[in-house]
Structures are given as C-alpha cells and as structure tokens.
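Below: one structure, written as structure tokens.
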Amino acid sequence: MTTSKLRLICAGLVPLLLIGTGCATKGFVKTQIADTNAKISALEAKTNEQATKEQADITAVDQKIAATDSKVADVSASAQQANTTANQANQLAQQNQAAIAANNAATTAAINNLNSALSYSLLTKADVTFGFNKSTLGKTDQAALDTLVQQFQTRPRAVVDIFGYADRIGASDYNLSLSRRRAETVARYLVSQGIPLQGIHIIGMGEEHVPPNLSAELQTMDPNITPGDARRLARRVLIRVYVAQASLQTSASAQN
C-alpha cells in the first residue's frame, strides 16, 4: 500500500472520529492525526526499506547472473581456443607424420640405391688362351676381346676383373709372374680399346688355381683329350665384366 492511499484512508477516518465523539477536542484530533501520520511515516519508511532491500537483492542477483554469463563466455572462449589449438596440433601432427613418412621413404630409397650401387652382377665374360711360355695375344683372342669391349661401352662404369693363369710346367714363382704378364697383356689391350684403366683389376693366379670352368670344358671335349690340351686350357686369362645393379635397373627403366 502506497503512502498516498494511507493518507486518504486516515483523512476519511478523522471525520468519523469527530462524529463518533462529539466531545472530542481539537487537541485530541491533532494528536490522533499526528499518531496516524507517525504510523504512516513508519510504515512508509519500512516499506521503502523493504523495497530498497529487494532492489538490492535484485541488483545482486543481476550481478551474479552477469558474472555467471561472463564466466560462461570465458569458458566458451577457452573451449573454442582449446578446440582451435587441438585442431592446429592435429594438423601439425599430420604434417609431421607425412614428413616422417616421406623421410622414411627417402631413406629406404637411398639405402636401396646404395645396396644396388654396391651389388654387382656379371654383364659379360671372355676367356683367351696363350701359347706355351707366351704372353702375347693372337688375332682370334683380340676378336673375342673386341666383342667384350663393345658390350662394356653400353655400361661405361662397369668393372673389369682379369685373372691370369699358367700351366704347371716350370717353377711356381716363374708361372706366377707369367700369369700376371698375361693378365697385364689383356689389360693393355682393353685400355687401348677405350676401357678406363681405373675400372680394371688384374691379378696373376699362377698355377695354384685351376680355372673354375676348366673341368666343365674338359668334360665336353673328347674323353681322350691329351695332357697337352689340358695344359693349353690352363694357359689362359679370364675376363669378367661386372656392372652395378643400379645401372641395370636404370637401363631397364629407360627401355620401358
């Protein structure tokens, strides 16, 4: 109830009091009015106090709601930032995984290439024989070497191994030296035909190592082969041309 309404009610009560109490004095009336006004003022003050308190409570609630909304907004922003950070971290992880996979692939390819470069396969071979106590090449032997040179030219980085041999006639030391001179003769001819010297390896095996294919050759010949024929086959030089696996693979890829 508002103060104005209370005052109207009290104003209506005063005439009633005057009518009901014909002997009432003006002082009494004033006293009653003063008491009534005091009560009204007290009630008004109490009402205002209550209203002020309620308004303060409402303000406090509004502040709490605003604070809560602010916290919710902060939490939402933090969650969004965390989500963004997580997405960035995930993208970075994927990029790192892709980089690691690429590095692994490159490493594997490099290892395979290195293994291929270190692994050699036989490209071609030739055998030439020499006369007794001789280290000079005949025309037929030169023709065989020319065929080998032509094949070498298709793989200029190939490696040539030359093994010289001698028969068992004579001293072992002499035969070792003779086998090396035969290997050097073949090497000189190959170099004269354009094969790089740095790709040639020579060794004199003497009479201690029988050529690995000698037995096979003897078996394909007449069973009545003479010891002279066997010694002639022993007076030989074996030439083996090896090429790196990587070179073979590159050539095959180019042809495809």
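State the number of residues belonging to segment 123-137 that are small (Gly, Ala, Ser) and over 16 Å from residue 160 (Cβ atoms).
Going through segment 123-137, the residues small (Gly, Ala, Ser) turn out to be 126, 131, 135.
Add one more test, that the residue is over 16 Å from residue 160 (Cβ atoms), and what stays is 131, 135.
The qualifying residues number 2.
Output the residues belonging to segment 24-68 that are among the basic types (Lys, Arg) and surrounded by 10 or more Cβ atoms within 10 Å (Cβ to Cβ).
Taking segment 24-68 and keeping what is among the basic types (Lys, Arg), we get 26, 30, 39, 46, 53, 64.
If the condition is that a residue be among the basic types (Lys, Arg) and surrounded by 10 or more Cβ atoms within 10 Å (Cβ to Cβ), then 30, 39, 46, 53, 64 are the ones that fit.
Could you list all residues from segment 116-166 that are part of a loop (DSSP other than H, G, I, E, B) and under 49 Å from the mean Cα position of the chain (by Cα)? Before you say what the answer is, go through the steps one by one.
Just the residues of segment 116-166 that are part of a loop (DSSP other than H, G, I, E, B), to begin with: 119, 130-138, 153-158, 165-166.
Hits for segment 116-166 are 119, 153, 154, 155, 156, 157, 158.
What tally of residues in segment 139-169 results from selecting those that are over 27 Å from residue 119 (Cα atoms) and free of Cβ contacts under 8 Å to residues at least 24 places away in the same chain?
Of segment 139-169, the ones over 27 Å from residue 119 (Cα atoms) are 139-143, 166-169.
Filter again for free of Cβ contacts under 8 Å to residues at least 24 places away in the same chain, leaving 139-141, 143.
Counting residues in segment 139-169 that are over 27 Å from residue 119 (Cα atoms) and free of Cβ contacts under 8 Å to residues at least 24 places away in the same chain gives 4.
Taking residue 135 as the residue in question, decide whether it is exposed (fewer than 13 other Cβ atoms within 10 Å of the Cβ), within 17 Å of residue 203 (Cα to Cα), assigned by TED's automatic domain parsing to the domain that holds residue 194 and small (Gly, Ala, Ser). Before the answer, list the steps.
Working: exposed (fewer than 13 other Cβ atoms within 10 Å of the Cβ): no; within 17 Å of residue 203 (Cα to Cα): yes; assigned by TED's automatic domain parsing to the domain that holds residue 194: yes; small (Gly, Ala, Ser): yes.
Considered against the rule, which asks whether it is exposed (fewer than 13 other Cβ atoms within 10 Å of the Cβ), within 17 Å of residue 203 (Cα to Cα), assigned by TED's automatic domain parsing to the domain that holds residue 194 and small (Gly, Ala, Ser), residue 135 comes out as no.
Taking the condition at pLDDT 85 or above, out of contact with any Asp or Glu (no Cβ under 7 Å at 6 or more places or on another chain), assigned by TED's automatic domain parsing to the domain that holds residue 238 and under 12 Å from residue 236 (Cβ atoms), does residue 166 pass? Please lay out each step first, then the result.
Working: at pLDDT 85 or above: yes; out of contact with any Asp or Glu (no Cβ under 7 Å at 6 or more places or on another chain): no; assigned by TED's automatic domain parsing to the domain that holds residue 238: yes; under 12 Å from residue 236 (Cβ atoms): yes.
The answer is no for residue 166.
I'd like the full set of residues that are in contact with a helix residue (DSSP H, G or I) (Cβ under 7 Å, 6 or more places away or on another chain) and crowded, with 24+ Cβ neighbours inside 10 Å, limited to segment 164-183.
Correct list: 164, 165, 166.
Tally the residues that are crowded, with 18+ Cβ neighbours inside 10 Å and of a type in the set (Asp, Glu), restricting the search to segment 138-160.
1
Give me the pairs: first residue in segment 180-203 and free of Cβ contacts under 8 Å to residues at least 40 places away in the same chain and within 23 Å of residue 235 (Cβ to Cβ), second residue of a type in the set (Asp, Glu) and crowded, with 19+ Cβ neighbours inside 10 Å, beta-carbon distance under 7 Å, and six or more apart or on different chains, which are they?
Within 7 Å, no pair qualifies.
The values are calculated or read from the model by the stated rules, or taken from the named source; none is laboratory data. Given the structure is predicted, the values throughout are model-derived calculations rather than measurements. All Cβ positions, even for glycine, are placed from backbone atoms using ideal geometry, and neighbour counts span all protein chains on display.
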